[in-house]
Each structure stands twice: as structure tokens, then as C-alpha cells.
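Right, one structure below, let's go through it.
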Amino acid sequence: MKKILSTSRIIENRKITDDTFLMKFENRNPDKPLPGQFLNIKFKDHLDPFLRRPFAVFDFDRKTLSILYKVVGRTTSMLSQLQKNDLIEYLGFLGEPFDRDRTFNKLWVVAGGIGIGGLHLFIKNMKQNNDLELFIGFNTEEEADAFIRFLKPLHIRINAAVMDPKGKSKYFKGNIVKLLKKETKRCDTLFACGPELMLKSLYSDIIQKKRIPAYFSMDAIMACGIGSCMGCTIKIKEKGLTRFKRVCKEGPVFNADHIVWE
Amino acid sequence: MLIISCGNDRSKGVRLKLNLKIKIGKAEFKNPVFTASGTFGYGEEYADVFDISKLGAVITKGLTLKEREGNEGLRIHEVPCGLINRIGLQNVGVDDFIKEKTHFLKEQNAAVIANVAGFSENEFYSIIRKLEGQDIIKGYEINVSCPNVKKGGIEFSNDKTLFKNLLKTLRKETKKILIVKLSPSAGNIINFAGIAQDEGCNAVTVANTFKSAVIDTRKQKIKIRGGLSGPAVFPAVLNLVLEIKKAVKIPVIASGGIYNPDTAIQFLLAGATAVQIGTANFIDPMISISIIDGIKKYMQEQKINDINSIIGKVKI
Ligand SMILES: Cc1cc2nc3c(=O)[nH]c(=O)nc-3n(C[C@H](O)[C@H](O)[C@H](O)COP(=O)(O)OP(=O)(O)OC[C@H]3O[C@@H](n4cnc5c(N)ncnc54)[C@H](O)[C@@H]3O)c2cc1C
Ligand SMILES: Cc1cc2nc3c(=O)[nH]c(=O)nc-3n(C[C@H](O)[C@H](O)[C@H](O)COP(=O)(O)O)c2cc1C
Ligand code: FES
């Protein structure tokens, strides 16, 4: 697959919740992005912030690419200020995708809030031929409302958990792992993306106990994004050996049983 | 993987016939733009981005005798206009490098310099012995300056006798070019450059990363300690190049903070025979090609047909 370094014009930069935005920009890639792949993004002609930042491909069509991002620091806050016709630079598509060549009887997709960014394309790909359910965790009720409205076009079953609902809530109260613990049914395979702490407890409390095959899209601070700097490694068990694997190259998707949790 | 660049301005159009060839020892390089060790892998990732045979040379990741897994914990941290890294020399080891990487580099027609990272004189010696038969390797860059491993390498940059003996041993072992990469954080770097010259080294690389640290004020703990690179170090390294050039006759290869053609040209004017593109590869994977093009454009504008005529034009 060709990797493209492109300076692209922004088509839309829309607010989804207080701190989450959907940015659409020109797509210059001749190939389709695969679910789980990401872009390494920077501002045109800026040395500050210095490094590029990785964002999953949220969606695409022939002419556009989009990312869904949450404002957490300098880059994301500057991204949120950009307007239609401003320029950004992307490098992509990067990383190894989710396995989408198999079908599953029952497929669970688990997102910690903005983790949906890394799962959306996968859900779109898989929902036709699989019995798919989304479990997604939020901090507040408003956030949950906005996201669920935003995800409506997917037409899938969504189970939401809210950490901090006000009074009587239509959502499950607590974190997403707690919600999954109460689930009596089980699934064939689980795919997840979210904060490391969530993935860690998802692994120890659900995946390991119920012996469910699972794949996680992992996060790491990155520099090059293409496998040359060795900066983004995590520990992976492989054939009895523990080694550092690059999240940008061998990942970001890893078999949950292979991840060494610190 | 192929990277196509869209919407970037890369200069073309040749009027003067330009000579960009430079020489280090007996080795000739097609231009003075090299890629720095540890920022370019073994060339594979970037070979999909552009034709790496266009580079003056590719310098490999630091090679150790055995494969190394590198450091645990946070390995990279951004600072204003710079990067702190503590990778800890994660590399495939010299045997796998020969088995798995040299063939590809040969296919690509790349000019290769092996960055050699030993923990003892014996290790440096053994790595070079293994690489000697590889025609693709034009020379060695001896890394006695990695700040990110607990012991080894950098000790040679603090001890003149160790340093001298190491170079004496390695010089006897190879007729290929021998370059020593100096540490900007170790004692008197100018004296070390002098020793390298006395021991028959063909060039010195100025310099590796600067020892540096960041504190997390909330946790009141060290966030990271490692080597600083990127545009933040450029003026400091430029000054070192000027000073070292004044003190030694052997070629200096500049490494530190290049991020555009102008910073590369400043190093050449200050006396560097070649320059290395490091951290900037992470920001723009095509930067080395832009810099080669930028140097050509500058030569056209300044009506210079031989790159060698501007090397060292500015002195202190
Ligand atoms: C493969 C991959 C895909 C991603 N996809 C998305 C996505 O679709 N949407 C989205 O909103 N975010 C995504 N991220 C995370 C995103 O890259 C970071 O939120 C972003 O880099 C923060 O940049 P900043 O300058 O705004 O924050 P900074 O000012 O750099 O940092 C703010 C805080 O975030 C932490 N941080 C910074 N970068 C990362 C990182 N890469 N991973 C974990 N913590 C980090 C910092 O340590 C700090 O605590 C993805 C990350 C990876 C590795
Ligand atoms: C992630 C990273 C890894 C590096 N690994 C090595 C290495 O293995 N051997 C070495 O001699 N220098 C290594 N360096 C130093 C670079 O080769 C270069 O000398 C330094 O980064 C300064 O140049 P720059 O500012 O252009 O990056 C590394 C630098 C970075 C950023
Ligand atoms: S970010 Fe450089 S190797 Fe992954």
C-alpha cells in the first residue's frame, strides 16, 4: 500500500462535544485505509508542537479523510482552532489493521470514549456480516448523549456506561469494564481501543477470566510513526520471548494475550 | 510503502553543472547529505519514501555484537523545538544486520556507513571484524557517545587513554574509513577530536545528543533523562564545529539540529565536509531530499559549481 505525505485542505472541523471534534480534509491516498490504521499529523510549516501526532482514520471516501479527536493538550487544542481551508499535513496510512477477514458469530467492540476513533471504520466494515455490539464508556451524561447521537448512522446496538451521571440516568453507572462484567452472554471475539488503564482492567477482569480472544489498539507516544526511531515500543510476549514491538509498525493492534501489562 | 509528496515545493532546474561529490579519507560520496544513526533505521522504512541511493550515505542504527532490546519505560519526550530520547540502542545485532539488512541496502544501491556501538574495546573490535567482508559498508562511525546506556560507549568519551587505545586497535583492523562520533557532553571535545586525528581516524562526527533531563513538577520526579536532539541544539553544535575545525585538519561531519537547507549550508560553511539529517526525518520523511535540492539551489544562486569550495569558508 502506498503511503502518502500530503498537505491537505480542511473541509470541515466540527464540534461533537465540548472537547471532541470531527475534522475532515482532502484525501490524497489512492488506496483505502484499513480499519485500525492511523495518520501522523502536523501543522503546515510549524516547528512547534515539534513532533507529529497520531490519529486513527475515523472515516473516508474517495475525496476525504476524517479523524475524530479529543482536546487533551497543545496539538489537539490547536487543531480545534483550525478552520475550513486551513492546511494540515498528514502521513499515512500507517500501522497494521484489525483482522477483518474473518466473520464472527458474536462480536463485541469496546471503546473508552474517544477510543471509538480507532474502532469506527472497523465497525462500519464488520457490522453487515457479524452480530456486532458496541460497548462504550463516557465520563458524563452529556458526553454520552452527544456521542450516541453522533454514532446513530452506524445503526448498531450501543451499550453505554457513564462514570458520573447526574441523579437517575438512562445509562449504566460506572465504568465500561463494570458493565461488561455484568453481561451474562459472551462473545467470540472482542476488539477494543481506549486508555491504557481501561484496557488493562478489561484484560484482567474479562478477557483473561472468560478466555475471550481479544485484540486491542494500543496507544504510545510516537516520533517517526513509520518504524525507524524505536520510540513507541511496548512489551509483547511472542513464542515464549518478551520483546519490544513498535506500536507504529507491528501495531497499533495487538493480540491482548501477547501484551505485557506493567 | 511508497510516499508521494503532494503540494511541496522542491526545486528543479539545473543551470550550472554542479559537483556535490565529497571525499572522506579514500571514500567518495555523491553528496554531503547523510542520514544520522538511529533516525533512519536500516534504511527500509524510508526506502519506501524516496530513493535512498540519492543520499550521500545512510548511517545505520548503532550496531552491537548481540541483539539489544533497549530501555524500559518512556523513550521519547518532546521539548520546544527538540526531542529527548533514551532508546537504549535497541538493534538487531551485527549478525542479523548482515543476514537480514545488507542485502536490501545493496539492492537499493545505498552508500552505507555502519554505526558501531560497543561496550568494550573487544566488542567494538569483534563487530568490525564481522563487518569487514561486507562490500556495501564504506566505513564505520564509532559511537563512543551514546548517553542512553548505563555503562559502555560513553565511558570512552570521558577517558583519553581508553579512547586512544580503542582507536589504535580499530585502526589496525580496518582499511575502511573510520569516523568517531564525539559526545558534546563529555569533557573537552576538542582534545578528543585531536586524539582521533592522531590515531589515524578519517573524520569526526560532531556531535551525538546532549545529556539532558526533564522534571515532572506535579509528581516532583524525573520525567526523562536522555539525549537532546533537534533544532534546539543547532547553534550549539554549529559553534562546536567551528571550534573543532579550527583545531584539527581531518574532516568534520556535522550532526545536530538540521531542519532545513539553510542549517545544513551553515554547517558546510563552518567547515563540515558532510552533514547528517537526524530528528528532522521524523518531522518530514522527505527532508533529506529537500535539503539536497536546497543545497543545489543555493549553489546555483551563489554561482558555486563545486560544493568543496564553500566547505569551511567561514572561520573563527
Ligand atoms: C495509533 C494511535 C491512534 C490515535 N488515535 C486517536 C484518535 O483517533 N483520536 C484522538 O483524539 N486521539 C488519538 N490518539 C491519541 C493522540 O495521538 C493524542 O491524544 C495526541 O497526540 C495528544 O497531542 P497533544 O499535543 O494535544 O497533547 P500533549 O500536549 O502532547 O499531551 C497531553 C497529554 O496527553 C498525553 N499524550 C500525548 N500523546 C499521547 C499518545 N500518543 N498516547 C497517549 N498519551 C498521549 C501526554 O503524555 C499528556 O499527558 C491516538 C494515538 C495513537 C498512538
Ligand atoms: C531516536 C534517536 C536514536 C538515536 N540513535 C543513535 C544511535 O544508535 N547511534 C548514534 O550514534 N546516534 C544516535 N542518535 C543520535 C543521532 O544520530 C544524531 O547524532 C543526533 O540526534 C543529533 O542530530 P539531530 O539533532 O539532527 O537529530 C539517535 C538520535 C535519536 C533522536
Ligand atoms: S514512532 Fe518511531 S518507531 Fe514507532
Looking only at segment A:220-234, count every residue that is over 15 Å from the mean Cα position of the chain (by Cα) and more than 7 Å from ligand 3 (Cβ to nearest atom) and tell me the total.
2
Between a first residue in segment B:77-90 that is within 16 Å of B:Phe119 (Cβ to Cβ) and a second residue that is among the charged types (D, E, K, R) and away from ligand 1 (no atom under 14 Å from the Cβ), which pairs have beta carbons less than 7 Å apart while being 6 or more apart in sequence or on different chains?
B:Leu89/B:Arg68; B:Gln90/B:Arg68; B:Gln90/B:Glu69
Among the listed residues A:Ser217, A:Ser169, which satisfies the condition of being within 16 Å of ligand 3 (Cβ to nearest atom), in contact with a helix residue (DSSP H, G or I) (Cβ under 7 Å, 6 or more places away or on another chain) and away from every other protein chain (no Cβ under 14 Å)?
A:Ser217
Can you name every residue in segment B:300-314 that is closer than 13 Å to B:Lys21 by Cβ and either of a type outside the set (Val, Ile, Thr) or touching a His at 6+ places or on another chain (Cβ under 7 Å) (or both)?
B:Asn305, B:Asp306, B:Asn308, B:Ser309
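Let's see how each residue does on (1) in contact with a strand residue (DSSP E or B) (Cβ under 9 Å, 6 or more places away or on another chain); (2) away from ligand 1 (no atom under 14 Å from the Cβ):
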| residue | (1), (2) |
| --- | --- |
| A:Leu202 | yes, yes |
| A:Arg211 | no, yes |
| A:Ser217 | yes, no |
| A:Ile221 | yes, no |
| A:Ile226 | yes, no |
| A:Met230 | yes, yes |
| A:Ile236 | yes, yes |
| A:Arg246 | yes, no |
| A:Ala256 | yes, yes |
Which condition number does B:Arg75 fail, the rest of (1) over 19 Å from B:Gly230 (Cα atoms); (2) over 17 Å from the mean Cα position of the chain (by Cα) being met?
(1)
Here are the criteria: (1) at pLDDT 95 or above; (2) more than 16 Å from ligand 2 (Cβ to nearest atom); (3) under 30 Å from B:Gly41 (Cβ atoms). Tell me which single one A:Ile158 does not satisfy.
(3)
Scanning segment A:33-76 for residues that are under 19 Å from A:Ile114 (Cα atoms) and of a type in the set (Val, Ile, Thr), which turns out farthest from ligand 2 (Cβ to nearest atom)?
A:Val71
Only residues that are of a type in the set (Lys, Arg) and at the interface with chain B (Cβ under 7 Å from one of its Cβ atoms): list them for segment A:1-26, please.
A:Lys2, A:Lys3
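Pick from segment A:43-66 the residues that are of a type in the set (D, E, K, R) and more than 14 Å from chain B (Cβ to nearest Cβ): which of them is surrounded by the most Cβ atoms within 10 Å (Cβ to Cβ)?
Taking segment A:43-66 as the starting set, the residues that turn out to be of a type in the set (D, E, K, R) are A:44-45, A:48, A:52-53, A:59, A:61-63.
From what's left, more than 14 Å from chain B (Cβ to nearest Cβ): A:59, A:61-62.
Numbers: A:Asp59: 16, A:Asp61: 10, A:Arg62: 8.
Filtering segment A:43-66 for residues that are of a type in the set (D, E, K, R) and more than 14 Å from chain B (Cβ to nearest Cβ), the one surrounded by the most Cβ atoms within 10 Å (Cβ to Cβ) comes out as A:Asp59.
Looking only at segment A:22-52, count how many residues are under 16 Å from A:Thr76 (Cα atoms) and either without any contact (Cβ under 8 Å) to a residue 24 or more places away in the chain or of a type in the set (Val, Ile, Thr) (or both). Write out each step before concluding.
Looking only at segment A:22-52, we keep the residues that are under 16 Å from A:Thr76 (Cα atoms), and these are A:22-25, A:38-44, A:46-52.
Now narrow it down to the ones that are either without any contact (Cβ under 8 Å) to a residue 24 or more places away in the chain or of a type in the set (Val, Ile, Thr) (or both): A:41, A:46-48, A:50.
So the count comes out to 5.
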What pairs can you find where one residue is in segment A:164-182 and closer than 13 Å to A:Asn139 by Cβ, the other is at pLDDT below 90 and surrounded by 14 or more Cβ atoms within 10 Å (Cβ to Cβ), and their Cβ atoms are less than 7 Å apart, with a gap of 6+ or different chains?
A:Tyr171/A:Pro165; A:Lys173/A:Pro165
Condition broken by A:Gly92, with the remaining ones in (1) closer than 25 Å to A:Arg246 by Cβ; (2) modelled with pLDDT of 95 or more; (3) not in a loop (DSSP other than H, G, I, E, B) satisfied:
(2)
Which residues, counting only those in segment A:77-94, are within 14 Å of chain B (Cβ to nearest Cβ) and either closer than 20 Å to A:Gly118 by Cβ or within 6 Å of ligand 1 (Cβ to nearest atom) (or both)?
A:Ile88, A:Tyr90, A:Leu91, A:Gly92, A:Phe93, A:Leu94
For A:Phe55: the one exception among (1) aromatic (Phe, Trp, Tyr); (2) within 14 Å of the chain's Cα centre (by Cα); (3) assigned to a loop (DSSP other than H, G, I, E, B)
(3)
Can you run down the residue pairs with Cβ atoms below 7 Å, 6 or more apart or on separate chains, where the first is in segment A:224-243 and of a type in the set (Asp, Glu) and the partner is not in a loop (DSSP other than H, G, I, E, B)?
A:Glu238/A:His258
For segment B:77-125, enumerate the residues that are within 11 Å of ligand 2 (Cβ to nearest atom) and either of a type in the set (S, T, N, Q) or more than 29 Å from B:Ile222 (Cβ to Cβ) (or both).
B:Asn85, B:Gln90, B:Asn91, B:Ile113, B:Ala114, B:Asn115, B:Val116
Residue ranges of strands (runs of 3 or more DSSP E) in segment B:17-116 with at least 1 members within 12 Å of another protein chain (Cβ to nearest Cβ) and away from ligand 1 (no atom under 16 Å from the Cβ)
B:33-35, B:57-59
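Of these, A:Asn29, A:Asn40, which one is within 12 Å of chain B (Cβ to nearest Cβ), closer than 30 Å to B:Gly230 by Cβ and not in a strand (DSSP E or B)?
Numbers: A:Asn40 fails: not in a strand (DSSP E or B).
Exactly one of A:Asn29, A:Asn40 is within 12 Å of chain B (Cβ to nearest Cβ), closer than 30 Å to B:Gly230 by Cβ and not in a strand (DSSP E or B), namely A:Asn29.
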If A:Ile116 passes every condition in (1) among the aliphatic types (A, V, I, L, M); (2) part of a strand (DSSP E or B); (3) over 21 Å from B:Ile283 (Cα atoms); (4) touching a residue at least 60 places away in the same chain (Cβ under 8 Å) but one, which one does it miss?
(2)
When you scan segment B:217-244, how many residues do you find that are more than 14 Å from every other protein chain (Cβ to nearest Cβ) and either surrounded by fewer than 24 Cβ atoms within 10 Å (Cβ to Cβ) or within 20 Å of B:Tyr259 (Cα to Cα) (or both)?
16
Residue that is surrounded by the fewest Cβ atoms within 10 Å (Cβ to Cβ) [pool: residues in segment A:235-258 that are more than 16 Å from ligand 3 (Cβ to nearest atom) and not in a loop (DSSP other than H, G, I, E, B)]:
A:Leu241
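The values are calculated or read from the model by the stated rules, or taken from the named source; none is laboratory data. It should be emphasised that the depicted structure is a prediction, and the values quoted were computed from it without experimental measurement. Every residue, glycine among them, receives a Cβ derived from its backbone with ideal geometry; neighbour counts consider all protein chains shown.
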